[in-house]
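Only one structure is covered here, and it is reproduced in the block below.
The values are calculated or read from the model by the stated rules, or taken from the named source; none is laboratory data. No experiment lies behind these values; they were computed from the predicted model shown. Positions of Cβ are generated from backbone atoms using ideal geometry, with glycine treated the same way; all protein chains shown enter the neighbour counts. Quick note on the areas: whole protein, heavy atoms, side chains included, nothing else; ligands and nucleic acids left out. Shrake-Rupley method; radii C 1.70, N 1.55, O 1.52, S 1.80 Å.
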Amino acid sequence: MLIQLCLKMFLLLLSVLLLTACATTPTGRTQLAFMPDAEVNSMGLQAFENLKHEKPISRNVQDNQFVHCIASAITREVGGEWEVVVFEDPALNAFALPGGKIGVYTGLINLVDNQDQLATVIGHEVGHVLARHSNERLSQQLGAQAGISLIQAIAAPQTAMGQTAVSLLGIGAEYGIILPFSRLHESEADTIGLDLMAKAGFNPAESIALWLKMAQASQGPRPVEFLSTHPSHTTRIQDLQARLPQAQQLQQQAKAAGKSPRCVKG
């Protein structure tokens with residue numbers, strides 16, 4: 001009798017957890033994300049502070065103006081306060097973290113031809129944040145109790161638990177551990193990012209050129225860090241091409257509303 005009662009209570013608690021944990025992403029997909037957003041944001045803030053202390057920050061005025069111009073236009077569509085930092089690093093990499101943090105590496109700035117190509121990457125990374133992919137991964141892989149441990153462990157990113165934490169946030173390559181976003185998450189971030197850059201007035205057609213450049217760069221002698229945590233480009237480009245007409249309509253609406261970013265690369 002006691003066992004049956006305990007089982008019923010467990011099932012009831014589980015049902016409540018699942019109901020309260022269900023959320024909807026910007027694309028309309030239902031996800032399971034039961035970590036408190038405030039705690040996940042705290043993890044993002046701590047991870048970002050760690051990076052700023054461990055990795056040199058670029059003081060190049062032109063690079064900073066270029067990146068901040070693009071990031072400001074995109075985050076204006078999202079709202080909230082965002083901190084943007086350019087890191088002095090040759091890797092082709094960028095990321096966005098819960099808590100409103102964006103990092104862009106100088107290697108990626110040197111690769112892109114124009115504002116629209118960099119907007120593709122920044123929009124994609126912000127898309128991961130808007131869709132709460134870090135929260136979803138924490139919830140799926142670790143459970144609430146383990147997640148709480150990770151919140152504490154992220155302050156020590158060189159530890160095994162700390163490495164797992166930063167990996168789940170999406171910047172694990174920094175510490176030698178890579179837990180790639182799933183294809184579902186990547187596709188969703190592509191969709192959100194493409195629409196986001198178009199709403200900000202950037203040319204979404206340049207997303208195709210950007211991923212072609214990234215694919216070409218990945219065939220070189222050095223591994224591309226950004227690509228090491230992302231799947232292949234063939235399906236990605238096909239999906240973007242299919243989404244392009246809708247994104248171009250959003251860009252036309254943005255232009256009609258006077259949104260026309262002019263971010264000049266140095």
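Which one is modelled with the lowest pLDDT, of the residues in segment 170-190 that are open to solvent by 40 Å² or more (accessible area, probe 1.4 Å) and in contact with a Gly (Cβ under 8 Å, 6 or more places away or on another chain)?
Among residues in segment 170-190 that are open to solvent by 40 Å² or more (accessible area, probe 1.4 Å) and in contact with a Gly (Cβ under 8 Å, 6 or more places away or on another chain), the one modelled with the lowest pLDDT is 178.
Looking at residue 246, is it open to solvent by 40 Å² or more (accessible area, probe 1.4 Å), under 20 Å from residue 91 (Cα atoms) and at pLDDT 80 or above?
It is false that residue 246 is open to solvent by 40 Å² or more (accessible area, probe 1.4 Å), under 20 Å from residue 91 (Cα atoms) and at pLDDT 80 or above.
Quick check, is residue 122 at pLDDT 75 or above, within 12 Å of the chain's Cα centre (by Cα) and open to solvent by less than 10 Å² (accessible area, probe 1.4 Å)?
Here the answer is yes, as residue 122 does meet what is asked.
In this structure, does residue 134 turn out to be modelled with pLDDT under 90, in contact with a strand residue (DSSP E or B) (Cβ under 9 Å, 6 or more places away or on another chain) and not in a loop (DSSP other than H, G, I, E, B)?
yes
Among the residues of segment 130-144, which ones are of a type outside the set (Lys, Arg), under 20 Å from residue 188 (Cα atoms), in contact with a helix residue (DSSP H, G or I) (Cβ under 8 Å, 6 or more places away or on another chain) and open to solvent by 30 Å² or more (accessible area, probe 1.4 Å)?
Within segment 130-144, 130, 141 meet the criteria.
With the checklist (1) surrounded by 21 or more Cβ atoms within 10 Å (Cβ to Cβ); (2) in a helix (DSSP H, G or I); (3) out of contact with any Lys or Arg (no Cβ under 8 Å at 6 or more places or on another chain) in hand, flag the one item residue 72 doesn't pass.
(1)
Determine which member of the set 78, 112, 104, 84 is within 17 Å of the chain's Cα centre (by Cα) and open to solvent by less than 10 Å² (accessible area, probe 1.4 Å).
104
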